[in-house]
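Read the structure below first, then the notes.
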Amino acid sequence: MSHDSTAAPEAAARKLSGRRRKEIVAVLLFSGGPIFESSIPLSVFGIDRQDAGVPRYRLLVCAGEEGPLRTTGGLELTAPHGLEAISRAGTVVVPAWRSITSPPPEEALDALRRAHEEGARIVGLCTGAFVLAAAGLLDGRPATTHWMYAPTLAKRYPSVHVDPRELFVDDGDVLTSAGTAAGIDLCLHIVRTDHGNEAAGALARRLVVPPRRSGGQERYLDRSLPEEIGADPLAEVVAWALEHLHEQFDVETLAARAYMSRRTFDRRFRSLTGSAPLQWLITQRVLQAQRLLETSDYSVDEVAGRCGFRSPVALRGHFRRQLGSSPAAYRAAYRARRPQSERPGDGDGPVAGIGGSAGSAGTAPSTGPLGMPSQTAHTPSLHPEGPLPHQTRRTPAALSASLPGPRTGS
């Protein structure tokens, strides 16, 4: 569902300065940026598709620092424009940033701040959100980025309301997206906002992608723990929680096991993982239920009990909020996509035991950090054309990070 952000009315009232043009899109590139993400806005806004009914944009590719710019695979790019060209753009897109631990060039940040002050729409795709945050453009606003980097973004910029569940967030004049494919979703959303559904649909057909996707990043989250927590005293408590998800316990139980007050435990847990312990625990239980629905023939009521939920009603509510589907519908959709021989109870293949010991009939789960079971979600699309995003405008109060701490990789 779409929600109007409290920042949206103010953003909608802002006007472009006289020298900026709505149809001009500037794409800001940096050395070390991944070529796939960088190419998305170039393809969406830089190719003339007027014959297909897609209004034309004027694209300005700008170097955010001295070139040549080295990208994925050692390729070198020379951008035709520098930062000065951003002054003409009504939309400025930062498709990626090379490192979530390195500060962007101050000259580029100044250019983004000026563009925003002069009414330009600012867009950050994937790790480009870190550049927007460094410029102060996300302060007090809802935003998203790739789920893997969301805890780092929330920890480094605490005034940003990071929501790792969303494919993209439209907060009026500042927009952010999750990883690679979500960058396409957001660019299509921009075309839809500017020129309507028909133009966005025509562009989607040319790109051979669904015009909209449902759901969010929740289905892709890897919920194994960050390696750096292994040396912390809380690691033992977290490991115990993951091993006993089939039991009914709450955050107070975890705090007691850590010999901490609830307030101290909440603060310490959040500092380590970027997530509130209650949300993390609910997420782990939902993921456990998701895997049981995929790998067993337990009824939904039995799944609820084996995942520590106090009732099937509680499971259904949390499951729908996180995955956008009821447990029964999720299982049906998952099995419809699996070969007959791979379904629980079919053929000679084992059925994994989740929530207790694997047993002789089960397969041992793969392990993640701390030797604990890997918690990777595999959620199929529940929409024939792929997902329709949890998109667009969100109220800051509705946003809270629900991930464990940062991981490395892409």
For segment 69-188, what are the per-bin percents of Cα-Cα distances with bins 10 Å wide, up to the bin holding the maximum?
-> 14, 47, 33, 5
List every residue whose amide H lies under 5 Å from the amide H of G32, counting only residues 5 or more places away in sequence or on a different chain, with H placed 1.01 Å from N in the peptide plane.
-> R70, T71
Roughly what would the spin-label model give for S39 and D301, points 7 Å off Cα along C-beta, in nm?
-> 5.4 nm
Residues with amide H under 5 Å from that of H161, placed H, sequence gap 5 or more | G140, R141, A143
Check each of the GluC sites (Glu not before Pro) in segment 16-120 and keep only those in coil by DSSP with at most 10 other C-beta atoms within 10 angstrom; list them in order.
-> E66
Can you tell me the FRET efficiency between A333 and W240 if r is taken as the Cβ-Cβ distance and R0 is 30 Å, rounded to the nearest 0.05?
-> 0.35
Expected vector for segment 21-28, Karplus 3J(HN,Hα) from phi with 6.51, -1.76, 1.60 and θ = phi - 60°, integer Hz, x for Gly and Pro, equals 10, 4, 7, 8, 10, 9, 10, 9
In whole angstrom, the spacing between the Cα centers of segment 99-129 and segment 133-202 equals 13 Å
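Readers should treat all values here as calculations from the given coordinates under stated rules, not as data from a laboratory. Small disclaimer: the values here were computed from a predicted structure and weren't measured. So basically every Cβ, Gly included, is an ideal-geometry build from the backbone, and we count neighbours across all protein chains shown.
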